[in-house]
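Enquirer: Take this structure first; my questions come after.
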DNA sequence: AACGATCCCTGTTGGC
DNA sequence: TGCCAACAGGGATCGT
């Protein structure tokens, strides 16, 4: 699933293709992909003929500056991936957005489950979107342990649920949240407000360690149909996963079988010996 | 306000 | 072997 490392890897691939280019054609697949109060026709109408600025990212959102003070937002949802192609390449099934540049490149969004979305916001619209409530980026704007502790103080929800809350910290999804908690030796079920200062410090240290390794490996491709890099390659962080998807298998540190529980309606994996 | 449950969607998986 | 229900999950929304 695309989480921060997958979105960052995607960003790094598409940035040189889009930045400075002018958009010469826009094709939207399903209308459903235009959400967040966008009409489907707004997407091509607002992008067409405009020059692209910086390709940025906050959490799992791609935020692309577009001439005319617009922000082109792309979210990959759970099954979205992007491809860089030439216009003559055949369309993949479930292609939801095709953007052609004046340099003759195409950037495509492929998303079978359509949990992803596309929007092109004016500054006013951006301000009123839930994007405005997004917390600090888990890599670029990571708070220190004391600041995170203050955000978690008094909270009784499981720390796993709070790590998935993008208003607290933007970028962690189900896979990397489990991996971060393993590295910090904290069980996903622990109430967020109960973490000790030492555990908060371990957590804040674990976040960039896990996420940077994920970025370096090009993200996590769970199987051949899931996330792929924009050049079609698979991300290789799958080989580094310590707990996610390993229920019943021995912990790679201590050998205890990894357990699976449901937290915040999501599967959560942890080592009952290593994590307290 | 905080928290948990539900919904959206479709390819894959597992049980019978 | 073949069918079909269950499962996967990011984010919005709703009920308590």
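Read the figures in this text as sums done on the coordinates, not as results from a lab. Quantities reported herein were computed from a predicted structural model and do not represent experimental measurements. Backbone-built Cβ (ideal geometry, glycine too); neighbour counts: all protein chains shown.
Enquirer: Relative contact order (percent) for chain A, with alpha-carbon contacts under 8 angstrom and 6 or more residues of separation? Show your work: numbers first, answer last.
Expert: Values: 604 pairs, mean separation 52.4, N = 276.
After rounding, I find 19 percent.
Enquirer: Still on this structure, I have one more. Per residue, what volume in Å³ does the convex hull of the Cα atoms of region A:1-49 enclose?
Expert: Dividing the Cα hull volume of region A:1-49 by its residue count gives 109 Å³.
Enquirer: For region A:4-133, what is the convex hull (Cα atoms) projected area averaged across all directions, in square nanometres?
Expert: Orientation-averaged projected area of the Cα hull: 7.0 nm².
Enquirer: Which angle from 0 to 90°, rounded to the nearest 10, does the C-alpha axis of helix A:174-184 make with the longest principal axis of chain A?
Expert: Its long axis makes an angle of about 40 degrees.
Enquirer: Ok, one more. Quick check on chain A: helices-only [θ] at 222 nm, where DSSP H runs of length 4 and up contribute -39,500 (n - 2.57) each and the sum goes over total residues. Nearest 500, please.
Expert: -7500 deg cm²/dmol
Enquirer: May I pose another question? Just to compare against my own numbers: the Cα pair-distance distribution for region A:144-264, 5 Å bins, whole % per bin, please.
Expert: 2, 11, 20, 23, 19, 14, 8, 3, 1
Enquirer: Could you work out the relative contact order of region A:108-189, using alpha carbon pairs under 8 angstrom and six or more residues apart, expressed as a whole percent?
Expert: 28 percent
Enquirer: If packing is taken as the average count of other Cβ atoms within 10 Å, what order do A:131-139, A:200-208 fall into, highest mean first?
Expert: Numbers: A:131-139: 17.7, A:200-208: 19.4.
The densest-packed peptide leads the list: A:200-208, A:131-139.
Enquirer: Here is a follow-up. Provide Rg over Rh for chain A; use the alpha carbon set for both Rg and the Kirkwood Rh (inverse mean inverse pair distance).
Expert: That ratio equals 1.00.
Enquirer: Just how far, in whole angstrom, is region A:9-49 from region A:134-195 if you go by their alpha carbon centroids?
Expert: Distance between centres, Cα-based: 32 Å.
Enquirer: Could you tell me the center-to-center distance, by alpha carbons, between region A:208-276 and region A:80-110 in angstrom?
Expert: Between the Cα centre of region A:208-276 and that of region A:80-110, the gap is 29 Å.
Enquirer: Would you kindly calculate the translational diffusion coefficient of region A:196-235, applying Stokes-Einstein with the Kirkwood radius from alpha carbon pairs, for 4 °C and a viscosity of 1.567 mPa s, and quote it in µm² s⁻¹ without decimals?
Expert: Values: Rh = 11.6 Å.
The calculation lands on 111 µm²/s.
Enquirer: Most exposed first by the Cβ proxy, i.e. fewest other Cβ within 10 Å, how do A:254, A:274 rank?
Expert: A:254, A:274
Enquirer: Report, in degrees rounded to the nearest 10, the 0 to 90 angle that the Cα long axis of helix A:197-216 makes with the longest principal axis of chain A.
Expert: With both axes taken from Cα atoms, the answer is about 40 degrees.
Enquirer: Now for a different question. Take the alpha carbon atoms of region A:215-276, find their radius of gyration, then divide it by 2.2 N^0.38 Å using N residues; give the quotient.
Expert: Output field value: 1.29.
Enquirer: If you fit an axis through the alpha-carbon atoms of helix A:4-18 and take the longest principal axis of the Cα set of chain A, what angle between them do you get, 0 to 90°, nearest 10?
Expert: 20 degrees
Enquirer: Pull out a ≥ b ≥ c, the square roots of the eigenvalues of the alpha-carbon gyration tensor of region A:138-177, then state rounded if a/c is under 1.5, prolate if not and a/b is larger than b/c, and oblate in the remaining case.
Expert: Oblate shape, in that a/c is at least 1.5 and b/c is the bigger or equal ratio.
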